[in-house]
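> Provided herewith is a single structure, encoded as structure tokens, for subsequent inquiry.
The values are calculated or read from the model by the stated rules, or taken from the named source; none is laboratory data. In this text, all values refer to a predicted model and were calculated from it rather than measured experimentally. Because the Cβ atoms are built from the backbone with ideal geometry, glycine has one as well, and the counts that use them run over all protein chains shown.
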Amino acid sequence: MSPRSIGVVMNGVTGRMGYRQHLVRSVLAINEQGGVALADGSRIMLKPVLVGRNPEKLAKIAADHGIAGWTTDLDAALADDDNLIYFDTQVTQARVKAVLKAVEAGKHIYAEKPIAETFSDALALAEAATAKGVKNGVVQDKLFLPGLLKLKRLIDGGFFGRILSVRGEFGYWVFEGDWQAAQRPSWNYRAEDGGGIVLDMFPHWAYVLENLFGRIRSVYAQAVTHVPERVDERGMTYPATADDAAYGVFELEGGIIAQINSSWNVRVNRDELVEFQVDGTHGSAVAGLRNCRVQHRATTPKPVWNPDLPATARFRDDWQEVPDNAEFDNGFKIQWEMFIRHVIEDAPFPYDFVSGARGVRIAELGLRSSAEGLRLPVEP
Ligand SMILES: NC(=O)c1ccc[n+]([C@@H]2O[C@H](COP(=O)([O-])OP(=O)(O)OC[C@H]3O[C@@H](n4cnc5c(N)ncnc54)[C@H](O)[C@@H]3O)[C@@H](O)[C@H]2O)c1
């Protein structure tokens, strides 16, 4: 007997995330491995139906990957009962309208973050999905990064003692687009088009901090636009109206202070594009996308401050690599498989629209904190 298959409407697959991570590395990769394994031992295949605005681009992707279904007509894709799931990875600004339509059509919904530009819109999505009784989920891929899984393992194993602080450094240089093409889409740099690093990254920091360390009690952020002018995909100069760097301080329950810099205007002098240093009474760790290094209290050197002498200690040599001890799959794919199991056999899926709305709330408070120059409390 051949495995069952379900239709998955995928809107926004001509984009960066939609094509690479969601279509190729998740949905098509799941089919290549024979589908999603269910609890009863059966498997379910995914039948992607690509939706977008540009028929040439859709037809090309479909042909490149042997995909039968594509359309520019979202309503028609939603009207088809074979399509059980609607997935949205469009530009953020286009999300709410399309998701509401899909909820109305009775589809289960999976969506990229942020699920909306404002907290009230995000809550409205959560409420609409609940009222209609459709399952809903938001991409929270960073939780499945090998480096963060190792960090979680350290926390669960009690490695840190009492955790005191978390210091996150995220960023890299995004070219302005004049003499070298920018490596991110230009809408990211226009507030009027849903751009900005706070709306982009604070939803990630919210679920990372709250899943690993504790609920966020307050937010202080300074969001700035360091590069005021950029050049877009067509070679046109435009004013960058959105924040392109944000310096945030998050107070967590238990008194943990998390400080996270997010910037598209820094040159990388780290081992990975994001790194979190966690310091606890019994040990410290530095976790990146893939790797994680630790230093236990018993092996902590005793540096003595003396600017008159050249530094001879190689501090980074005093850290120890955390072993993999497991095989790590693509995080986007893991979450897709979880969501499919949630839809088909009601398996648990904690990353719902309510948690997606929490991320938007933290971003909104970050922007307000920056505008008002205040540290803002977060409701529990
Ligand atoms: N999980 C993550 O790590 C991660 C990383 C980057 C982006 N994202 C999110 O994914 C979404 C897409 O980001 P991206 O970087 O792939 O952007 P992108 O610009 O590369 O792709 C956007 C997609 O939306 C479509 N689109 C553009 N303008 C539109 C409009 N006005 N109406 C309808 N569709 C439109 C495009 O055709 C394209 O298919 C965003 O919401 C972003 O926040 C998530």
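> Which ones in the stretch 293-334 are outside any helix (DSSP H, G or I) and of a type in the set (S, T, N, Q)?
Listed by number, the residues that qualify are Gln295, Thr300, Asn306, Thr312, Gln320, Asn325, Asn330.
> Of the conditions (1) buried (at least 17 other Cβ atoms within 10 Å of the Cβ); (2) modelled with pLDDT under 95, Glu251 clears all except one; give me its number.
(2)
> (1) surrounded by 24 or more Cβ atoms within 10 Å (Cβ to Cβ); (2) away from the ligand (no atom under 12 Å from the Cβ): which one isn't true of Ala105, the others all being true?
Ala105 satisfies every listed condition except (1).
> Separate question: Regarding Gly171, is this residue buried (at least 19 other Cβ atoms within 10 Å of the Cβ), closer than 21 Å to Ala206 by Cβ and more than 14 Å from the ligand (Cβ to nearest atom)?
no
> Select the strands (runs of 3 or more DSSP E) contained entirely in the stretch 1-78, then report the ones holding at least 3 residues which are within 23 Å of Ala102 (Cα to Cα), within 15 Å of the ligand (Cβ to nearest atom) and not basic (Lys, Arg).
4-11, 43-51
> Out of all the residues in the stretch 267-275, is one or more within 16 Å of the ligand (Cβ to nearest atom) and assigned to a loop (DSSP other than H, G, I, E, B)?
yes
> As an exercise: evaluate Lys113 against (1) within 13 Å of the ligand (Cβ to nearest atom); (2) surrounded by 20 or more Cβ atoms within 10 Å (Cβ to Cβ); (3) not in a loop (DSSP other than H, G, I, E, B) and give the number of the one condition it does not meet.
(3)
> I'm trying to understand the selection: among the residues of the stretch 122-136, which are of a type in the set (D, E, K, R) and part of a loop (DSSP other than H, G, I, E, B)? So that I can check it myself, show each step before the final result.
If we filter the stretch 122-136 for residues that are of a type in the set (D, E, K, R), which is where we start, we get 127, 132, 135.
Listed by number, the list holds a single entry, Lys135.
> Another one. Could you tell me which of the residues Gln33, Gln90 is polar (S, T, N, Q) and in contact with an Asp or Glu (Cβ under 9 Å, 6 or more places away or on another chain)?
Being polar (S, T, N, Q) and in contact with an Asp or Glu (Cβ under 9 Å, 6 or more places away or on another chain) holds for just one of Gln33, Gln90, which is Gln90.
> Being of a type in the set (Lys, Arg) and more than 18 Å from Ser370 (Cβ to Cβ), is that true of even one residue in the stretch 224-233?
yes
> Still on this structure, please answer the following. Output the number of residues of the stretch 15-48 satisfying the condition of being in contact with a helix residue (DSSP H, G or I) (Cβ under 8 Å, 6 or more places away or on another chain) and under 21 Å from Val138 (Cβ atoms).
The total comes to 13.
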